[in-house]
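Q: First the structure, which I've put down as structure tokens, then a few questions once you've had a look.
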Amino acid sequence: MKKRNQIIAAFLAATMIITPATSIFAKAAKDGNSSAESSYGESFTSWRTNEWENKLSKDWTTVSMTPGVNESTMNFAWYSKTTDTVSLTYGLKADLSDGKTVQIATKGTGQKDKDGNEYNSSKATISGLAAQTTYYYKVDDKEIKSFKTGNTGKFRFAFVGDPQIGSSNELKGADTEAFYNAQSNAVANDSYNWSQTLKKIQSVGTDFIVSAGDQIQTTKKKAPGKSSTTSEIEYAGYLSPDTLASLPVATTVGNHDADNANYQYHFNVPNLSNLGDNKKVGGDYYFTYGDVLFMMLNTQDTNSAEHIQFIKETVAENADCKWKVVTLHQDIYGSAEHSNEPEIVNLRYALTPTFEKYGVDAVLTGHDHAYSRSKFLSGNQTEKTVTYNGDEFDEMLDKDIDYTGEGTLTVAPGNIKVDTTDESEKTYLSYLTSVMDADRITETGEYVVDPKGILYLTASSSSGSKYYDLVSRQQSYIASRWQEDVPTYSLIDVTETTMTINTYRTDNDSAIDNTVTIVKSADKSAVDAKLAQINKELTDNTLVEKDYTTGSWKALKDAMDAANRISPETEQAQINKILENLTTARNGLVKVTAQEPPKASEQSTEKISESEKASEKSNNKSVSKVKTGDESQALLWTIVCVIGLGAAGTAVVFAGKERK
């Protein structure tokens, strides 16, 4: 029987986490996973011996970085031995000769390693960060590391799902040497694969990462003796990639993270709310980055009313944010094994009316270890509940995906046929049809201007620690889906008027889906408002030319000149681009620093190189037939986009799927 994760109880009907019933007669195809040794050979085995076994597996003190309340702050968390003195120093010079210290909050964890060392959790925040600036920092007696801030007018974040470090371990939790050895080997395997995905993300210029949850595998409930320390080796593996010393991750609570307080000890999330708190790892939280509001929900807490209240209050407090993105763990509009479960479908119907009411643009989810993208969906804020019994569903699902063959699959069998005469099977199929939500589809394109619906994106595993099969009956709401048992990641580029999504496989960097772009139309009043804001800053000397590099100041003046030239004849696409350039130039002003004299040509070259990197990455993707959708419509969309965006002087890049 294919093992499934714990799932949340129905938001509207239940209050406890349950484990689905299983049939002793059904057997699903084995879950897939990625072997680091098969993929990377000696580079992995050498790392495992020299780095993992000798050092990293024993180090609980690796630092985690999380985006702060906004783009001008950065949060840090780390374990330190109770006997150690803690510190965090940061500055603009590589040797930290200009270093400043920050206040640190320390709390006991109750965690003790096998050598008897006890650990505290330390948390700190660096504030007042300038845009497009490299900062150096040092935690305790560790090596000096660095990170670079971005430009909020035009930025990129990565979206990943379920690293679930340690999940490739097939042994059940038992207090035996065999289990701990298998766990260490699995963590090494998954961590190395995770590090390869992170390297790809970092190489293309990314400002931060959003994770849909399940950072690690072992829950406290299933650990030997229900120990809270069993998962510490998995956190050591999750945090071990060097990339994470310079690239912050906004984590979401997954069901594998949710029952152990060490999740909260390892991460320092901003604006943490009591709403959505499951009393173990904290509640919902949010942060802003430029014009984007990111709301991160802990849906392992089953009180939907609290999540709704959190969204309502957070949107009201951040009314000036143009884009709204929600992240939660469960794939409420996914297309793999978990996606049709009544508990998850009820979670969908509990939260989506609120997403629609408060103008959410995109919802990012995980849990199902398979990639899918929805069409744009809206239920017009309609409330709905499914009453199909979860145990009955599990019994029928087990029968539906029963597989007697060898090896793994990527799409589950559909053993129950549409012409069945069995009443239980007919009820099951009727239920599946009822939750396909064909009536909620508002737009189906890949370049959508001012959509009426919301886009739902479900990430596959970013580490390859475990994969689930796609369901045999693709839901009506699905625009595209993909499973080839390979780690994947998405890159999401945001400007004043566009949000563009590209998703890639880690092993060869080819795209697994076409480029998807959401456009928010701007009018002249929006441009005028932005101009007025900048002119006020010039008038009251908040912005003074001598304080900024020549190149970045010229970019701002050029953007302002273009904005002042808007006329009634200016086309919509051009207005969008003018507002985008104006915002990017204002947020991209580069201050002159005493230790690093400004070099306008270098600043300009740096911007261009980042843009070229992104363009080159997209252009290198193989274009091939999309798995779902009408090819003639896709061709028409391509022609329209080239004509429409070409008029605005916008580069148009298309990426398609490469198939095995």
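The values are calculated or read from the model by the stated rules, or taken from the named source; none is laboratory data. Predicted model only: the values in this text are computed from it and were never measured. Glycine also receives a Cβ, built like all others from the backbone with ideal geometry; neighbour counts cover every protein chain displayed. When the accessible area is computed, the model is the full protein with side chains, heavy atoms only, and any ligands, DNA or RNA have been set aside. Shrake-Rupley method; radii C 1.70, N 1.55, O 1.52, S 1.80 Å.
Q: For the stretch 176-269, please list each of the helices (runs of 4 or more DSSP H) lying entirely inside it that holds at least 1 residues being without any contact (Cβ under 8 Å) to a residue 12 or more places away in the chain.
A: Numbers: elements: 177-203, 232-238, 262-266.
Output list reads 177-203.
Q: Do you know which residues across the stretch 156-190 are touching a strand residue (DSSP E or B) at 6+ places or on another chain (Cβ under 7 Å), more than 12 Å from Gln217 (Cα to Cα) and open to solvent by less than 10 Å² (accessible area, probe 1.4 Å)?
A: Phe157, Ala158, Phe159, Val160, Gly161
Q: Out of curiosity, is Ile492 under 15 Å from Phe376 (Cβ atoms) and either part of a strand (DSSP E or B) or in contact (Cβ under 8 Å) with a residue 40 or more places away in the chain (or both)? Outline the logic, then answer.
A: Values: under 15 Å from Phe376 (Cβ atoms): no; either part of a strand (DSSP E or B) or in contact (Cβ under 8 Å) with a residue 40 or more places away in the chain (or both): yes.
So Ile492 fails the test.
Q: Considering the stretch 118-141 alone, what residues qualify as being of a type outside the set (Val, Ile, Thr), over 15 Å from Gly68 (Cβ atoms) and surrounded by 15 or more Cβ atoms within 10 Å (Cβ to Cβ)?
A: Result: Tyr119, Asn120, Ser121, Ser122, Gln132, Tyr136, Lys138, Asp140.
Q: Return the pairs, sorted by first residue and then second, in which the second residue is open to solvent by less than 10 Å² (accessible area, probe 1.4 Å) and assigned to a loop (DSSP other than H, G, I, E, B), the first residue lies in the stretch 292-305 and is more than 13 Å from Ala212 (Cβ to Cβ) and polar (S, T, N, Q), the beta carbons are less than 7 Å apart, and the residues are 6+ apart or on different chains.
A: Listed by first residue and then by second, the contacts come to Thr302/Ile8; Thr302/Ala9.
Q: If you don't mind, another one. Is there a residue being in contact with a helix residue (DSSP H, G or I) (Cβ under 8 Å, 6 or more places away or on another chain), open to solvent by 10 Å² or more (accessible area, probe 1.4 Å) and in a loop (DSSP other than H, G, I, E, B) anywhere in the stretch 312-319?
A: no
Q: Do you know which residues across the stretch 50-67 are under 22 Å from Thr251 (Cα atoms) and not aliphatic (A, V, I, L, M)? Can you show your working first?
A: The first filter runs over the stretch 50-67 and keeps only residues under 22 Å from Thr251 (Cα atoms), leaving 56-57, 59-67.
Selection gives Ser57, Asp59, Trp60, Thr61, Thr62, Ser64, Thr66, Pro67.
Q: Can you tell me which residues in the stretch 519-540 are open to solvent by 50 Å² or more (accessible area, probe 1.4 Å), in a helix (DSSP H, G or I) and among the charged types (D, E, K, R)?
A: Lys524, Asp528, Lys536
Q: Among the listed residues Ala305, Ala250, identify the single one that is small (Gly, Ala, Ser) and under 27 Å from Ser227 (Cα atoms).
A: Details: Ala305 fails: under 27 Å from Ser227 (Cα atoms).
After ruling out the rest, the residue left standing is Ala250.
Q: Also: Ser434 - would you say it is more than 28 Å from Asn33 (Cα to Cα) and out of contact with any Cys (no Cβ under 7 Å at 6 or more places or on another chain)?
A: yes
Q: Go through the stretch 575-591 and report how many residues are part of a strand (DSSP E or B) and open to solvent by less than 10 Å² (accessible area, probe 1.4 Å). Show your work before the answer.
A: The initial filter retains those residues of the stretch 575-591 that are part of a strand (DSSP E or B), namely 591.
Subsequent filtering for residues that are open to solvent by less than 10 Å² (accessible area, probe 1.4 Å) retains none.
So the count comes out to 0.
Q: Restricting to the stretch 191-202, name every residue that is open to solvent by 10 Å² or more (accessible area, probe 1.4 Å), more than 16 Å from Lys55 (Cα to Cα) and of a type outside the set (Lys, Arg). Please lay out each step first, then the result.
A: Start the filter on the stretch 191-202 by keeping residues that are open to solvent by 10 Å² or more (accessible area, probe 1.4 Å), which leaves 192, 195-196, 199-200, 202.
Cutting the leftovers down to more than 16 Å from Lys55 (Cα to Cα) gives us 195-196, 199-200, 202.
Of everything in the stretch 191-202, those that are open to solvent by 10 Å² or more (accessible area, probe 1.4 Å), more than 16 Å from Lys55 (Cα to Cα) and of a type outside the set (Lys, Arg) turn out to be Ser195, Gln196, Gln202.
Q: May I ask you to list the residues in the stretch 464-482 that are among the polar types (S, T, N, Q), under 22 Å from Val435 (Cα atoms) and buried (at least 24 other Cβ atoms within 10 Å of the Cβ)? It would help to see each step written out before you state the result.
A: At the first step, the residues of the stretch 464-482 found to be among the polar types (S, T, N, Q) are 465, 472, 474-476, 480.
Now restrict to residues that are under 22 Å from Val435 (Cα atoms): 472, 474-476, 480.
Listed by number, the list is empty, since nothing qualifies.
Q: From (1) open to solvent by 10 Å² or more (accessible area, probe 1.4 Å); (2) farther than 14 Å from Ile201 by Cα; (3) in contact (Cβ under 8 Å) with a residue 40 or more places away in the chain; (4) in contact with a strand residue (DSSP E or B) (Cβ under 9 Å, 6 or more places away or on another chain), pick out the condition that doesn't hold for Thr500.
A: (3)
Q: Looking only at residues that are open to solvent by 50 Å² or more (accessible area, probe 1.4 Å), outside any helix (DSSP H, G or I) and within 23 Å of Ser87 (Cβ to Cβ) in the stretch 44-74, which one is modelled with the lowest pLDDT?
A: Lys55
Q: Restricting to the stretch 541-574, and then to whatever is within 28 Å of Leu92 (Cα to Cα), in a loop (DSSP other than H, G, I, E, B) and without any contact (Cβ under 8 Å) to a residue 24 or more places away in the chain, can you tell me which residue is nearest to the chain's Cα centre (by Cα)? Spell out the reasoning first.
A: Within the stretch 541-574, the subset within 28 Å of Leu92 (Cα to Cα) is 541-557.
Cutting the leftovers down to in a loop (DSSP other than H, G, I, E, B) gives us 541-544, 549.
Filter once more, so that each one left must be without any contact (Cβ under 8 Å) to a residue 24 or more places away in the chain: 541-542, 544.
Details: Asn541: 39, Thr542: 35, Val544: 37 Å.
My answer is Thr542.
Q: Related question: Please find, within the stretch 320-346, the residue that is most open to solvent (accessible area, probe 1.4 Å) out of those that are closer than 22 Å to Thr497 by Cα and not hydroxyl-bearing (Ser, Thr, Tyr). If you could, list the steps in order and put the result at the bottom.
A: Of all residues in the stretch 320-346, those closer than 22 Å to Thr497 by Cα come to 320-327.
Pick out the ones that are also not hydroxyl-bearing (Ser, Thr, Tyr) and you get 320-326.
Working: Asp320: 127, Cys321: 12, Lys322: 55, Trp323: 0, Lys324: 30, Val325: 1, Val326: 0 Å².
Restricting to residues being closer than 22 Å to Thr497 by Cα and not hydroxyl-bearing (Ser, Thr, Tyr), the top hit is Asp320.
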